[in-house]
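In what follows, a structure is listed as structure tokens, so that the remarks can point back to it.
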Amino acid sequence: MKEILKVAILQTSLDNKAAWSTYAANKPKMNEMEAVRVWNEIIHTMDEYVNLDDTRKPDVILLPEFTVAEQFENEIKNLADQTGSIIITGLDFKVEGNNVRNQALVAIPYRWPHGLQKSRAKTFYFGKHFPAKIENEYLKSCGKEFDPCNEIYILDAGEYGRIGLAICADFYDIERYALYKGRIQHLFILAYNKDVKSFLFLAESISRLVYCNVIICNTGHYGGSICFSLKEKEYQRYIYRHEGANLFTNQIVELPVRSFKESQKAKGGHGYKNAPPEYELYNESDEDKEKNNKKIE
């Protein structure tokens with residue numbers, strides 16, 4: 001296992017009131033001016049990442065829920081190739097007739113990470129199961145119905161650990177964590193959430209219950225992005241925590257991998273808090289057979 005996984009938390013400042021209106025001709029699609037404004041934030045930061053030395057580049061780049069409009073979706077794959085990083089980003093609503101899905105895109109570049117391995121370039125999507133109340137009400141006002149995603153995904157990043165993936169309100173899904181327990185080292189949440197305090201408390205709670213590192217990449221419109229690890233010493237647990245609304249920010253954080261995996265095997269120790277009751281690290285050879293386990297190879 002690698003010592004660390006470097007993750008960039010890119011907190012865009014998408015304004016939901018500017019982005020979506022029940023009076024727009026293309027509802028529920030994102031307003032083009034707001035889509036371009038946010039895309040310019042992304043491009044500016046990606047240019048910085050491309051020019052970093054390979055030893056400083058992030059292995060994974062996270063962007064919040066809803067961030068990328070449809071006209072820029074294919075460009076995410078190009079940016080993944082240019083940076084050499086996996087990019088995981090929320091997308092604008094996917095509309096098919098009267099049904100609407102809330103999805104995120106995972107773009108894995110060729111020979112990830114940074115041209116060092118032999119992996120093939122690939123992409124896949126994962127979706128949201130539980131819509132937020134305001135999200136569901138908006139879609140109904142547009143004459144649309146929310147189409148839930150009933151699958152739960154794990155991204156197998158090899159020596160960098162296994163990653164659980166979820167979108168915003170699915171962070172409250174208890175059944176999801178029963179499945180993730182013992183199967184992942186990291187949990188990534190893409191969010192557009194104004195209740196930042198609830199997610200702050202949930203980050204530590206879920207980290208303890210599932211026994212994993214947790215990152216929440218929230219919109220900069222509300223702030224509240226978090227990176228949490230169950231270090232034994234309390235002052236080391238919040239690796240990153242952002243507060244303040246209407247701010248575009250980006251930060252590269254380092255998640256422990258090797259030492260934390262050893263702690264998972266031993267059910268505690270190695271510089272971390274003890275595992276929860278009845279915790280068992282899942283047999284990885286069996287997990288490879290699971291339908292929704294996406295492996296980088």
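The values are calculated or read from the model by the stated rules, or taken from the named source; none is laboratory data. From a predicted model like this one, the values you see are computed outputs, not experimental measurements. Virtual Cβ from ideal backbone geometry, glycine too; neighbours counted across all protein chains shown. Just so you know, the surface numbers come from the protein's heavy atoms only, side chains and all, with ligands and any DNA or RNA stripped out. Shrake-Rupley method; radii C 1.70, N 1.55, O 1.52, S 1.80 Å.
Solvent-accessible area assigned to carbon and sulfur over the chain amounts to 48 percent, based on a 1.4 Å probe. Straight-line reach from Lys17: taking Cα to Cα under 19 Å and skipping same-chain neighbours fewer than 8 places apart, the aspartates and glutamates in range are Glu32, Glu34, Glu41, Glu65, Glu70, Asp92, Glu135, Glu137, Asp195. Its residue count N fixes a reference of 2.2 N^0.38 Å for the chain, and the Cα radius of gyration divided by that reference is 0.96.
The separation of segment 236-251 from segment 162-220, counted between C-alpha centres, amounts to 16 Å. Measuring r between the beta carbons of Glu145 and Lys17 and using R0 = 30 Å, the FRET efficiency lands at 0.85.
Here Lys122 is the anchor, and the lysines within straight C-alpha reach of less than 28 Å, apart from those fewer than 8 places off in the same chain, are Lys2, Lys6, Lys29, Lys57, Lys77, Lys94, Lys181, Lys261, Lys289, Lys291, Lys294, Lys295. Dividing the Cα radius of gyration of segment 23-113 by 2.2 N^0.38 Å, with N the residue count, gives 1.17. Where the centroid of each part is defined by its Cα atoms, how far is segment 83-125 from segment 4-75 in Å? One Cα centre to the other: 13 Å. Stretched out straight at 0.36 nm per residue, the stretch from Asp54 to Asn246 would grow longer than its current Cα-Cα span by 66.0 nm. Once the chain from Lys133 to Glu204 is taken as fully extended at 0.36 nm per residue, the excess over their C-alpha distance is 23.1 nm. Which of rounded, prolate, oblate describes segment 9-74, given a ≥ b ≥ c as roots of the alpha-carbon gyration tensor eigenvalues and a/c under 1.5 marking rounded, otherwise prolate only if a/b is larger than b/c? Note, shape of segment 9-74 comes out prolate. For segment 79-126, the alpha carbon positions stretch 44, 15, 12 Å along the principal axes, listed from largest to smallest.
A crude spin-label estimate for the pair Lys122 and Glu3, with each label 7 Å from Cα along the Cβ direction, gives 3.0 nm. Computed from the alpha carbon positions, the gyration tensor of segment 199-269 leads to an equivalent ellipsoid with semi-axes of 25, 12, 9 Å, biggest first.
Bridgeable aspartates and glutamates around Lys267 (alpha carbons under 15 Å apart, same-chain partners fewer than 8 residues away excluded): Glu232, Glu278, Glu280.
Under the definition of Cα pairs under 8 Å and six or more residues apart, what whole-number percent is the relative contact order of the chain? This gives 20 percent for the chain. Rg then Dmax, both in Å and based on the Cα atoms of segment 147-297: 15.1, 45.
Beta bridges from DSSP with both residues in segment 33-117: antiparallel share about 65 percent, rounded to the nearest 5. Per residue of the chain, the DSSP helices (runs of n ≥ 4 H) give a summed -39500 (n - 2.57) that works out to -7000 deg cm²/dmol at 222 nm.
Skip the ligands, DNA and RNA, and give the accessible area per residue of the chain with a 1.4 Å probe, whole Å².
Computed with neighbouring chains in place, this is 45 Å² per residue.
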